[in-house]
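Engineer: I'd like to ask you about the structure that follows.
Bear in mind these aren't lab numbers, they're just calculated from the coordinates by the rules spelled out. Computed from a predicted structure; not experimentally measured. Don't worry about glycine lacking a Cβ; one is built from the backbone with ideal geometry, like all the others, and counts go over all protein chains shown.
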Amino acid sequence: METKDLQNSDSVQNEQQNENASIDNSINDSLKESEKVKSETKTKTKSKQTNKVNSDITDIREDVIQSEEEHLFDDVESNNDEIEEVSKLYLSEDQKKIDFDFNLLDRDKLVEELRRYIETQPINQIRREVEAIKASFYKKQKAINEHNRKLFIKDGSNIEDFVPVEDPLEIELKELFKKYRKLKAEYNRSLENVKETNLDKKYVVIEKLKELINNNESIGDTFQVFRDLQTQWKEIGPVPQTHLKDLWSTYHHHVEKFYDFININKELRDLDLKKNIEIKTELCEKAEKLIEHNSVVVAFKTLQKLHNQWREIGPVPNEQREIIWERFKEATRIINKKHQDYFKNLKDDQKNNLDQKTGLCEKAEKIASVKLDSHNKWTEKTQEILDLQKAWRAIGFAPKKDNNKIYARFRNACDKFFSEKREFYSKNKEQQDTNLEKKIELCVQAESLQESTDWKKTTNELIDLQKKWKDIGPVPRKQSDKIWKRFRAACDYFFNKKSSFYSNIEQEYVKNLNLKLEIIEKVKNFSFTDNQKQDFETLKKIQDDWSEIGFVPFKEKERIQNEFRELINKQFDKLKIDDSDRKLFKFKSHLDNLQHNPKSSNKIRHEREKFFTKIKKLESNITLWENNIGFFNSDSAQAKEMIKDYLNKVEEAKKEIKEMEEKIRLIDKSDNE
């Protein structure tokens, strides 16, 4: 009896051993990793064979438990909706890295590039390029609108009347964006359908896993089917997020039941565990590198991909299971913390932006509530509103729930201000007509001055007219541009002539300076002859030549004028000529000096008037003296002495009159020149 039982036991053990060998062969064929396992498995004893199976079952159960524990950390993906929301406002680092700088293209080329991307590239892969094209296009469009606005204002128009001309390129761009959004929406709908289909496919795989334990085929064939189902599972694409956790839990549950069923051998399992620990270690290293990534959003998104890969990997050795998971979980915790801090800081910044924008709203509302009754006040407050709008554009986004509300509040305040401004000017049409008449008169005055060559005086007059123009209020809109262009044309005509004149005059001044320096050298080296009269005429000719030369550079004028006067006076002093000629000569030198000083023109005219007054007084005295001579008795010695004295006075007076008449002639000659 004992012998029979022992034989039955040996038979059972032999069958068990043969079955295990069959499992090894099937697994080796499918994975190509276990030639060594096959030979070692055949040499194991019956007791070790049984222990291996029990150990395998225990390890597999623990690995499945480990997989379930790891899924408790699946909430790292719970912030995906928030990420997508913020991504609409803030470009992440990977979005900025596109292959081409679209700022190098003109607007028409940008439209062509957008069309090409939409028509030739996968719609789900061109978001960064589309956003970059859009940003570049509107940056250039904004510059064009700003340029047109400045021209509009420069021409005298009111800024609130400026409306950008609708650009055909912008219309074409918008149509392409509509097409892109439509295609993207269709793609997203299609993607959701695909996810639902994938979900169904994965449940089909799970159903097949459930049926494996009831399969009547050999264990080796069944294991190959199991491997094929695992491959199918991995090849199936993404599924809806809401079903992900339950799906994986169900899948791992049935994988565990299958491992329980086949009692996979320990040697093959060790190979799988070793491979899995290597892959999970590599994922840990990648996750740890993400901690130092310069973009928190990119690091967080990449971490989600690593978690998806982690789920696909099977169990690891028991002694390393907790260590490797804690390492991966710690890296995940740090990245999640940085991600949470990032959004917290982002919310703080947005709250600060909201506070700043609220302050701007209050200022705009205060300005809009003030009743203004003059053009100058409206101009002043308009500039304040424009400054507030400029400050608004420099502030970032407010929190999403408040952003539209605060913008509407600011916009309403600005609209109220400009609406009241339009109403004010519409009620002042009569004043605008009066202003038009005043500006027409300024145009007439400017046009009468545009041909003038009195540069300084006319410049001051035109500047004064421009100041008056600014002080005059607005004119009817239909006449505003026309009247401004007329006034500006007259001013520009004069100032262009002035610029042309002064661009050449400096060269002429330098030429005159060289000529006068030559005359100074001639005076220095002047040699007297025996003919005193000829020397006098020569020096007079030199003096006349000096007077005929025009202006010199301002910084040299006084120096060379003083030098010439001193030299020429010394040379005349060396001549033995009468006092009258010497006085005339020195007066001419004095007159030349005054002529080069624009501020002395009034002084010269005053001297001329003084000479005329003195001449009239001398002529009156001569008449009186000549009449008195007729009353004296020429036979008296005393009378003869008095007559002689009066005759000398008359002679001196006539001589003095002649000198002053010559001085007047010199003054008149200098004025004509």
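Engineer: With only Lys, Arg, Asp and Glu charged, each at its Cβ (+1 for the first two, -1 for the last two), find how big the charge dipole of the range 344-430 is about the Cα centre; round to the nearest 20 debye. All intermediate terms of the calculation are to be shown ahead of the outcome.
Structural biologist: Details: 21 positive and 14 negative charges, 68 e Å.
Charge dipole, the range 344-430, about its Cα centre: 320 debye, nearest 20.
Engineer: I need F418, F487 ordered by Cβ neighbour count within 10 Å, fewest first.
Structural biologist: Numbers: F418 16, F487 21.
Fewest to most other Cβ atoms nearby, the residues stand as F418, F487.
Engineer: Assign one of three labels to the range 183-337, namely rounded, prolate or oblate, based on the Cα gyration tensor with a ≥ b ≥ c the square roots of its eigenvalues; rounded applies when a/c is under 1.5, prolate when it is not and a/b is larger than b/c, and oblate otherwise. It would help to have the intermediate numbers written out before the result.
Structural biologist: Values: a/c = 2.74, a/b = 1.21, b/c = 2.27.
Oblate.
Engineer: If you don't mind, there's one more thing I want to ask. Which of H293, H307, H606 comes first, and how do the rest follow, when ranked by fewest Cβ neighbours within 10 Å?
Structural biologist: Fewest-to-most ranking of H293, H307, H606: H606, H293, H307.
Engineer: If I model a spin label at R665 and K644 as a point 7 Å from the Cα along the Cα→Cβ vector, what separation in nanometres do I get?
Structural biologist: So the label points at R665 and K644 sit 3.3 nm apart.
Engineer: Beyond 32 Å between alpha-carbons counts as too far, so tell me which of K154/K429; K109/K381; K555/K658; K202/K338 fall in that bin. Mind showing how you got there, number by number?
Structural biologist: Numbers: K154/K429 22 Å; K109/K381 42 Å; K555/K658 38 Å; K202/K338 35 Å.
Over 32 Å apart, Cα to Cα: K109/K381; K555/K658; K202/K338.
Engineer: Suppose we keep just the alpha-carbon trace of the range 344-430; what are its Rg and Dmax in angstrom?
Structural biologist: Rg, Dmax (Cα atoms, Å): 15.2, 59.
Engineer: By average Cβ neighbour count within 10 Å, what is the ranking of 335-342, 126-133 from highest down? Each step should come with its number before you reach the end.
Structural biologist: Details: 335-342: 15.5, 126-133: 18.8.
Highest mean packing first, the order is 126-133, 335-342.
Engineer: Now for a separate question. Going by average Cβ neighbours within 10 Å, how do the peptides 100-107, 489-496 rank, with the highest at the top? Present the calculation step by step, with values, prior to reporting the outcome.
Structural biologist: Working: 100-107: 13.4, 489-496: 15.9.
The most tightly packed comes first, giving 489-496, 100-107.
Engineer: Using the Karplus equation 6.51 cos²θ - 1.76 cosθ + 1.60 (θ = phi - 60°), what ³J(HN,Hα) coupling, rounded to whole Hz, does each residue of the range 378-393 give in order, writing x for Gly and Pro?
Structural biologist: Computed from phi, the couplings for the range 378-393 are 5, 5, 5, 6, 4, 5, 5, 5, 5, 5, 5, 5, 5, 5, 4, 5 Hz.
Engineer: So how do S547, S480 line up by other beta-carbon neighbours within 10 Å, fewest first? Show your work: numbers first, answer last.
Structural biologist: Numbers: S547 17, S480 20.
Starting with the residue having the fewest Cβ neighbours, the order is S547, S480.
Engineer: Turning to a different aspect of this structure: Provide the FRET efficiency to the nearest 0.05 for the L191-I323 pair, computing r from the beta carbons and using R0 = 41 Å.
Structural biologist: Working: r = 38 Å, r/R0 = 0.93.
Taking R0 as 41 Å, the efficiency between L191 and I323 is 0.60.
Engineer: Taking the radius of gyration and the Kirkwood hydrodynamic radius from Cα positions alone, what is the Rg/Rh ratio for the range 363-512, to two decimal places?
Structural biologist: Details: Rg = 22.5 Å, Rh = 19.1 Å.
With Rg and the Kirkwood Rh in hand, the quotient comes to 1.18.
Engineer: Can you divide the C-alpha Rg of the range 432-501 by 2.2 N^0.38 Å and report the result to two decimal places?
Structural biologist: Numbers: Rg = 12.3 Å, N = 70, 2.2 N^0.38 = 11.1 Å.
With N residues counted in the range 432-501, Rg over 2.2 N^0.38 Å equals 1.11.
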